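Colleague: Below: one structure in structure tokens.
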Amino acid sequence: MPSRDVPRAAIIEIVLLRAPGIDDKASQWEIAYELRITNEAANEAAYFAARKQGKSQGDDARFGELIKAADLRKPLGSPENHKFVFQIPLSAEIQERLRNQPKERVTAAPGLTSPEKLLQEQETKFQIFKFYGVINIFDARLKKNILISVPQSWDFANYPDARFGLTIEINSDGSYRWKTSSPAKTKSPVLEIRKR
């Protein structure tokens, strides 16, 4: 059986689509982020542990193994600066974990193994990318900073090319919304929208 092709890098594209001061030379934005990877079983366990402690995914909890953390800043005056594109190399160990992920879920044949054991084994192989971002936008027209927290999960099964996208829109009153890209395998596009 030929070796499964997996991406050598994760690509994250973050685009500021609209803001009152988007073309003002005094406006700028900065992104501090972490990209992590975990498996489905560990992610579920961490999620339920956080819920038990009264925390949500948006709290300071960080799940998974750190792949990269960075902090970048750009002025917003020109259209080419309305986008950040991060190309994050994936180590050989992470590529191997992605290569070993099942292409789809399987069910146990009766009598061979317990469904619970099979499910646990599968969950340890299904990989999830976890993105924790804080986006700080200084809008010169609004004369204020807008701080946006972006906790986002992308599972490798639905994003097999490890390409992820986020778009941000800021309204004239300073409220905002962000949304993530649809999975590559989804038949009908579904966008997750966060508003404030």
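Colleague: Which whole-Hz ³J(HN,Hα) couplings does region 92-97 yield from phi under the Karplus relation 6.51 cos²θ - 1.76 cosθ + 1.60, θ = phi - 60°, glycine and proline marked x?
Modeller: 4, 5, 5, 4, 5, 4
Colleague: What pairs from Lys74/Lys144; Lys25/Lys179; Lys68/Lys179 go past 20 Å between their alpha carbons? Intermediate results must be reported in sequence, preceding the final value.
Modeller: Working: Lys74/Lys144 16 Å; Lys25/Lys179 26 Å; Lys68/Lys179 22 Å.
In this structure, Lys25/Lys179; Lys68/Lys179 lie more than 20 Å apart at Cα.
Colleague: Now, a different point. Given H placed 1.01 Å from N in the peptide plane, which residues other than close sequence neighbours of Tyr176 have an amide H under 5 Å from its amide H?
Modeller: Asn171, Arg196
Quick note: the coordinates plus some simple rules give every number you see, no bench work behind them. Fair warning: this is a prediction, and the values are worked out from it, not measured in the lab.
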